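Worksheet: the structure to be examined is printed underneath.
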Amino acid sequence: MNPHTVYILYLKFYKMVLYDIQNILNFKVNRIHLKGELFIPSQAEFLAILILDEKDDKFADRFSKMRISLNEWGVATFFLKGLLTREEREIHANRSDIALLSDRLLEITKQIKNIKGADSLKISYIGSSSISDRIFRAAQSSESPVESLVLIGNGLQEYNGKLLNASILNILGELDFTGRIVNRSVLSKIETSVKRMYFVPGSPSHFEDSAKWIMVSEAILRWYRFPEKRSKEFSHL
């Protein structure tokens, strides 16, 4: 290796260390404090907000691995482990209050856009299809800066709004035949510029096998790395 190559590699490493942003953020939303993990790689163009269902702590490890994978490939992330405090989760009405949850998600999104380093990034949401109702509602707001939604698994919720400005990717198991029918029906009623599906080969709906979850993460990564190819690379409804 010649000295010039060493110098170039050193500069690349130095730039990464100098500009990467990592922090635990605390947000105040209607007198409630929520927090999440923010990581912005130096050359990021997209920021994915990963949202856990309050009932699905079992997915925390999977989403954490996905977050690391996205960061390694230059996609910024904000990992939001639920939209309720621990005390609020104990009340069933809170967990099913779509207006409350979507309003909090939108407010946190707007606050993230005011953070230096995140203000120029394209925002998207990643979550399970089972919480798509709050994600749809937050994304449809005229104040929403969200450019795309990635919804994982079956159980998409009906969307009752009109035109949605965000592109949509729905990831399903290839063997989830009922989920494919139901989700296609829901997506067909949504007016937006890009609606695509990706089927994980040989998998049912929940991707409990770690190898299948890696395939889910890889599909999402392609969604961000090659946005101009979304219409061609992913399946039509």
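Across segment 76-97, which residue is surrounded by the fewest Cβ atoms within 10 Å (Cβ to Cβ) among those that are among the aliphatic types (A, V, I, L, M) and modelled with pLDDT under 95? Let's see the steps before the verdict.
In the first step, residues of segment 76-97 are kept if they are among the aliphatic types (A, V, I, L, M); the result is 76, 80, 83-84, 91, 93.
Narrowing the set further to residues that are modelled with pLDDT under 95 leaves 80, 83-84, 91, 93.
Working: LEU80: 25, LEU83: 28, LEU84: 18, ILE91: 11, ALA93: 8.
Among those that are among the aliphatic types (A, V, I, L, M) and modelled with pLDDT under 95, it is ALA93.
For the structure I just gave you, tell me whether SER128 is hydroxyl-bearing (Ser, Thr, Tyr), touching a residue at least 40 places away in the same chain (Cβ under 8 Å) and open to solvent by 20 Å² or more (accessible area, probe 1.4 Å).
Working: hydroxyl-bearing (Ser, Thr, Tyr): yes; touching a residue at least 40 places away in the same chain (Cβ under 8 Å): yes; open to solvent by 20 Å² or more (accessible area, probe 1.4 Å): yes.
Answer is yes for this residue.
Could you please give the count of residues in segment 182-200 that are farther than 19 Å from ARG137 by Cα and out of contact with any strand residue (DSSP E or B) (no Cβ under 9 Å at 6 or more places or on another chain)?
Counting residues in segment 182-200 that are farther than 19 Å from ARG137 by Cα and out of contact with any strand residue (DSSP E or B) (no Cβ under 9 Å at 6 or more places or on another chain) gives 1.
Taking VAL216 and the conditions (1) in contact with a strand residue (DSSP E or B) (Cβ under 6 Å, 6 or more places away or on another chain); (2) open to solvent by less than 20 Å² (accessible area, probe 1.4 Å); (3) in a loop (DSSP other than H, G, I, E, B), which numbered condition does it fall short on, given that it satisfies the others?
(3)
Go through segment 104-118 and count every residue that is outside any helix (DSSP H, G or I) and either closer than 11 Å to SER141 by Cα or acidic (Asp, Glu) (or both).
Residues that pass the stated criteria total 0.
Here's the yes/no breakdown for (1) assigned to a loop (DSSP other than H, G, I, E, B); (2) touching a residue at least 24 places away in the same chain (Cβ under 8 Å); (3) open to solvent by less than 10 Å² (accessible area, probe 1.4 Å); (4) touching a strand residue (DSSP E or B) at 6+ places or on another chain (Cβ under 9 Å):
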| site | (1), (2), (3), (4) |
| --- | --- |
| SER144 | yes, yes, no, yes |
| LEU149 | no, yes, yes, yes |
| ASN154 | yes, yes, no, yes |
| GLN157 | yes, yes, no, no |
| GLY161 | yes, yes, no, no |
| ILE168 | no, yes, yes, yes |
| ILE171 | no, yes, yes, yes |
| THR178 | no, yes, no, no |
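Where residues in segment 222-234 are part of a helix (DSSP H, G or I) and open to solvent by less than 20 Å² (accessible area, probe 1.4 Å), which of them is farthest from GLY74 (Cα to Cα)? Don't jump to the end; show me each part of the working.
Going residue by residue through segment 222-234, those that are part of a helix (DSSP H, G or I) are 222-225, 227-233.
Adding the requirement that they be open to solvent by less than 20 Å² (accessible area, probe 1.4 Å) leaves 223-224, 230.
On the way: TRP223: 13, TYR224: 10, ARG230: 18 Å.
Going through the qualifying residues, I end up with ARG230.
The values are calculated or read from the model by the stated rules, or taken from the named source; none is laboratory data. Model, not experiment: these values are computed from the prediction. When we count neighbours, we look across all protein chains shown, and the Cβ atoms used for this are built from the backbone with ideal geometry, even at glycine. We work out accessible area using only protein heavy atoms, side chains counted, and drop any ligands, DNA or RNA first. Shrake-Rupley method; radii C 1.70, N 1.55, O 1.52, S 1.80 Å.
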